[in-house]
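Notes follow the structure.
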Amino acid sequence: MRKILSFQISDTNRFKQQLLIWSKPFKRFAVLDSHDVNQKANSKKEYNSYELLAGIAALQEIQVEANCFETLRQTYDKNQDWWFGFMTYDLKNELEDLKSENFDGVKMPALHFFQPRWVLALKESHLEVHYFEKENSAEEVEELIHQIIETEIEDPKASLVPNIKHRISKQEYLDAVNALKEHIRLGDIYEVNFCQEFYAEHCKIDPLETYRSLRQVSPTPYSCYYALGDKFLLSASPERYIKKQGSKIISQPIKGTAKRGANPEEDKQIKEFLYTDPKERAENIMIVDLVRNDLSRTAAKGTVKVEELCGIYTFPQVHQMISTVVSELRDDAHFVDCIKHSFPMGSMTGAPKVRAMKLIEKYEVTKRGLFSAAVGYITPEADFDFNVVIRSIQYNAKDDYLSFMVGGAITMQSEPEKEYQECLLKAKAIKQVLGND
């Protein structure tokens, strides 16, 4: 059983930056930041348990390429503690007759979770440190927090990456969208999420400093920094995949994106247009139906409900259309089953899900890996919260390879040129940070 020490933090934003800088030497750490201070109107705060949650250093870890969900279940059941980790998109191959044979420059493991030495949980100005007495004394934990608070802060210095390339050309993207629309016209699918990769080879960056710049440019409610040896995730995600809070399951898919306006009046008009746009609403509602079906597989009878349909939320770079679907987990269902039966998230696949994933494999040319998958945590009480890995940089420091992917939902109403422009809009914050405005 972990002990808990509490502290008062007078400047939470400063503490977050100090924690990031202090954590840099560790080979295993994850910092999940909801940015509640700046995003209270947009963060679905009624479901946010923490303003920041960090797992530092690994007492135990699992890193597997096969039998991932069962490994996670068995590991947690043997050691019901805090676990931080990720699942890649390619776990789909365990669930259905699918494959992932496209190019992979990042080479993330299929699944990684670690049991942290220290868990730091920040909510408003209240910080809790969860630790084991056999690992550290209370005095050592107090000294640890003192070290973090004394860490010096300088402005972040992101590494410039001038040689970012497109994995496919604009024309290849447009041709693929048209081909996917033909599948929709023939009744093969209703909607599919189609993505493209931006990348840089022979690329050296400081991942943590680049993430600090990204969180400054694009503070979002499900952002995270994840260090796994020489592989890193720098995420400015606005989307929750799935959360368990007691017996309640919450999923909040995003479908529908619009640019920010030049002034408040234009912003208001754009938001109103997004809310009433038939194409954007159709995209969102189709995915809501898919999520409802996914959650029903582990839900108590009659508990799947749509709490909010097509809500409009504003972020520094874009407006987003977000829905909230909830259920109550059946007494006989393990929490891993809830993740397993809703994975990958419908907002990043399409409908019907299996056929959409087959077409994604056919028309995309990059293995998604951690992109469009999930990072998050599990608590000792078997609660959990996972984001959707979008608006994110993946970096392999050993191979000097940087990658980020963007995409969107393709429907019968999609205009290929507009879809391409939406991709560029979603890539804007990352390109800005990397010096590619």
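The values are calculated or read from the model by the stated rules, or taken from the named source; none is laboratory data. No experiment lies behind these values; they were computed from the predicted model shown. Note that each Cβ is placed from the backbone with ideal geometry, even for glycine, and that neighbours are counted across all protein chains shown. These area figures cover heavy atoms from the full protein model, side chains too; ligands, DNA and RNA do not enter into them. Shrake-Rupley method; radii C 1.70, N 1.55, O 1.52, S 1.80 Å.
Compactness check for the chain: Cα Rg over 2.2 N^0.38 Å is 0.94. Taking every DSSP helix (H) stretch of at least 4 residues in the chain, weighting each as -39,500 (n - 2.57) and dividing the sum by the residue count yields a mean residue ellipticity at 222 nm of -9500 deg cm²/dmol. Solvent-accessible area per residue in region 278-354 equals 36 Å², computed with a 1.4 angstrom probe and all protein chains kept. Does region 50-181 come out rounded, prolate or oblate, given a ≥ b ≥ c as the square roots of the eigenvalues of its C-alpha gyration tensor, rounded meaning a/c under 1.5 and, failing that, prolate meaning a/b above b/c? Oblate. For GluC sites (Glu not before Pro), the sites in region 359-436 that DSSP calls loop and that have at most 16 other Cβ atoms within 10 Å are GLU381.
Can you list the residues of region 207-229 with backbone N under 13 Å from a point 7 Å past the Cα of ASN436, pointing along Cα to Cβ? No residue qualifies, since no backbone N sits under 13 Å from the label point.
Express the carbon and sulfur contribution to the solvent-accessible surface of the chain as a percent, rounded to the nearest whole number, probe 1.4 angstrom. About 47 percent, which is the carbon plus sulfur part of the accessible surface. Tell me the relative contact order for the chain as a rounded percent, counting alpha carbon contacts under 8 Å between residues six or more apart. Computed over the chain, the figure is 24 percent.
Evaluating 6.51 cos²θ - 1.76 cosθ + 1.60 at θ = phi - 60° for every residue in region 355-372, the Karplus couplings come out as 5, 4, 5, 5, 6, 4, 4, 6, 9, 7, 10, 10, 5, 5, x, 6, 5, 6 Hz, glycine and proline recorded as x.
Under 5 Å between amide hydrogens, built in the peptide plane, is the criterion, and for GLU197 it picks out ARG167, ILE168 among residues at least 5 positions away or on other chains. Electrostatic bookkeeping for MET345 treats Lys and Arg as +1 and Asp and Glu as -1; over the other residues with beta carbon under 9 Å from its beta carbon, the sum is -2. Structural descriptor for region 84-202: relative contact order 17 percent, calculated from alpha carbon pairs under 8 angstrom and at least 6 residues apart. Here the 3J(HN,Hα) profile of region 53-63, calculated from phi with Karplus coefficients 6.51, -1.76 and 1.60 at θ = phi - 60°, is 9, 10, x, 10, 6, 10, 7, 7, 8, 10, 9 Hz, Gly and Pro shown as x. Using the Cβ of PRO109 as centre and a radius below 9 Å, the other residues enclosed give a net charge of +1, where K and R count +1 and D and E count -1. Separation of region 164-216 from region 311-380 is 17 Å, based on Cα centroids.
Database remark: amide H of ASP399 closer than 5 angstrom to no amide H (H placed geometrically; neighbours at sequence offset of 5 or more, or on other chains; Pro and chain starts carry no H). Residues whose amide H lies under 5 Å from that of LYS255, counting only those 5 or more places away or on a different chain, are MET321, SER323; hydrogens are built 1.01 Å from N in the peptide plane. Take every Cα pair under 8 Å whose residues are at least 6 apart in sequence, average their separation, divide by the length of region 9-136, and the relative contact order is 31 percent.
I need the calculated FRET efficiency for the pair GLN269 and GLU65, taking r as the beta carbon distance and R₀ as 41 Å, to the nearest 0.05.
Computed FRET efficiency for GLN269 and GLU65: 0.25.
Judged by the ratio a/c of the largest to the smallest principal axis of the C-alpha gyration tensor, region 212-283 counts as oblate, that ratio being 1.5 or greater while a/b is no larger than b/c.
Specify whether the C-alpha gyration tensor of region 303-437 places it in the rounded, prolate or oblate class, a ≥ b ≥ c being the square roots of the eigenvalues: rounded for a/c under 1.5, otherwise prolate if a/b is larger than b/c and oblate if not. Note, shape of region 303-437 comes out prolate.
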